[in-house]
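One structure is given here, and the rest of the page talks about it.
The values are calculated or read from the model by the stated rules, or taken from the named source; none is laboratory data. Given the structure is predicted, the values throughout are model-derived calculations rather than measurements. Ideal geometry is used to build each Cβ from the backbone, glycine not excepted, and the neighbour counts take in all protein chains shown. Each accessible area value is taken on the protein alone, full model and side chains, heavy atoms only, with ligands, DNA and RNA left out. Shrake-Rupley method; radii C 1.70, N 1.55, O 1.52, S 1.80 Å.
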Amino acid sequence: MYGIFVFILYQLMVSLINMFFIRRPDKKYLTDGLKVSVLVPARNEEEKIQSCVESLLKQDYQNIEIIVLDDNSSDETFNLLKSLHDDRLKIIKSEEEPPLGWMGKNWACYRLYVASSGDILIFVDADTYLSSDAVSTMVGTMQLNNLDFITGIPREEMYTFGEKITIPFVNFSVLSIFPVFLGLISKYFYFFLFGNGQFMMFKREAYEKIHGHESVKGEVVEDIALSKAAKKNGLKVGIFNLSGLVSCRMYKNFKEAFFGLSKSYTALFDFRLIPSLFVWAWMIVITIFPIFNAILSKDSSIRFFSIASIFVTLLVWMITSIKFNLPKIILILSPLITLVNSLIGFVSMFLLLTGRSLWKGRVVEKKKFKLLIF
């Protein structure tokens, strides 16, 4: 119980430091004529693609091109795109499957880069929506801070109960578990950085320096791999709280969220079996033990540290909720959120180990697990 309390204090410390480094973008922005290419890979996104592209067409930044690649969709995605008429919009229809060794999204993003001409490249997911000043604000932020690569955390929209007991854990873990600030301070801690494919922004020369999506063609969590590669190669990286500029509804129900997240969770540990098992088991322990001991333990010291652990954990969840504009109900749901996500972690290992993980109708290539840390 004492060890659990120390770890939870670590989470509080990390969240307090991270919240100052993952700040909101600068609202003062410059417009000096740099051309921006906004690039959107889309596969079977008929419910979301029109709203996404319409939000891009409403940008107040003038020198912009928007390129959408329909990645062999089997629904109405392409027809909906064709109904949007604007000189700034270019639509690419792809009916081919990705080459051997490429993940589908990575291949789509690479093709979008090849088709683009902008000085700045912004990759956004098809379920992402931007406020009208998002591009101009982020271009200014990139210039004012002399950044080569920007990513961040949008506002995650959640309406169903199933979404609320799955998705918030992503924000919670980024803020309180990973010392992201160390990765921002020094390239020697690049492995603590994260990236978010919902919004990734590169200077073109920076993207080309690290060979972009081609360098991470087989990665399941290519956004994190790109962020780490940028820092490792000496590029200046910025990670921002984008909740005031960018919003995204990742999934629309529990099933989608459960299996969508399962695609990525084991990849976060680079398919290392023992670290994956330990982390998800540990998350269960630090959730259940404090509640169990607070109710049943007769040892006053253990009860004190149990109650203190529960209080500090709720404080971290409150900071997460306020920082990223999440529903306040996640405070009450937080133990269930952690337990559900731990289950997703175990399922993720099983699906990827057996080659049964699916994404957008494609089988995620079966991965070879590494037993230990190395």
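Candidates are the residues of region 214-246 that are open to solvent by 20 Å² or more (accessible area, probe 1.4 Å), within 23 Å of Thr320 (Cα to Cα) and of a type outside the set (A, V, I, L, M, F, W, C); the one that is nearest to the chain's Cα centre (by Cα) is Asp223.
Can you pull out the residues in region 103-119 that are assigned to a loop (DSSP other than H, G, I, E, B) and of a type in the set (S, T, N, Q)? Selection gives Ser116, Ser117. Kindly indicate whether Asp148 is within 22 Å of Gly238 (Cα to Cα) and at pLDDT 95 or above. Here the answer is yes, as Asp148 does meet what is asked. For region 131-146, give me each residue that is among the hydrophobic types (A, V, I, L, M, F, W, C) and open to solvent by less than 10 Å² (accessible area, probe 1.4 Å). Those that are among the hydrophobic types (A, V, I, L, M, F, W, C) and open to solvent by less than 10 Å² (accessible area, probe 1.4 Å): Ala134, Val135, Met138, Val139, Met142. Only residues that are under 12 Å from Leu69 (Cα atoms), touching a Phe, Trp or Tyr at 6+ places or on another chain (Cβ under 9 Å) and open to solvent by less than 30 Å² (accessible area, probe 1.4 Å) were counted across region 109-124, and they come to 4.
Going by the conditions given, is Phe289 farther than 21 Å from Lys105 by Cβ, open to solvent by 50 Å² or more (accessible area, probe 1.4 Å), without any contact (Cβ under 8 Å) to a residue 12 or more places away in the chain and out of contact with any strand residue (DSSP E or B) (no Cβ under 7 Å at 6 or more places or on another chain)? When the stated conditions are applied, Phe289 does not pass them. Within region 262-316, being within 30 Å of Tyr190 (Cβ to Cβ) and acidic (Asp, Glu) holds for one residue alone: Asp270. Is it the case that Lys328 is surrounded by fewer than 17 Cβ atoms within 10 Å (Cβ to Cβ) and among the charged types (D, E, K, R)? It is true that Lys328 is surrounded by fewer than 17 Cβ atoms within 10 Å (Cβ to Cβ) and among the charged types (D, E, K, R).
Against the definition (over 19 Å from Gly33 (Cβ atoms), open to solvent by 10 Å² or more (accessible area, probe 1.4 Å) and not aromatic (Phe, Trp, Tyr)), how does Asp127 come out, yes or no? Yes, satisfied.
Does Asp32 meet the test of being under 22 Å from the mean Cα position of the chain (by Cα), over 14 Å from Val124 (Cα atoms), at pLDDT below 90 and of a type in the set (D, E, K, R)? For Asp32, the condition - under 22 Å from the mean Cα position of the chain (by Cα), over 14 Å from Val124 (Cα atoms), at pLDDT below 90 and of a type in the set (D, E, K, R) - is not met.
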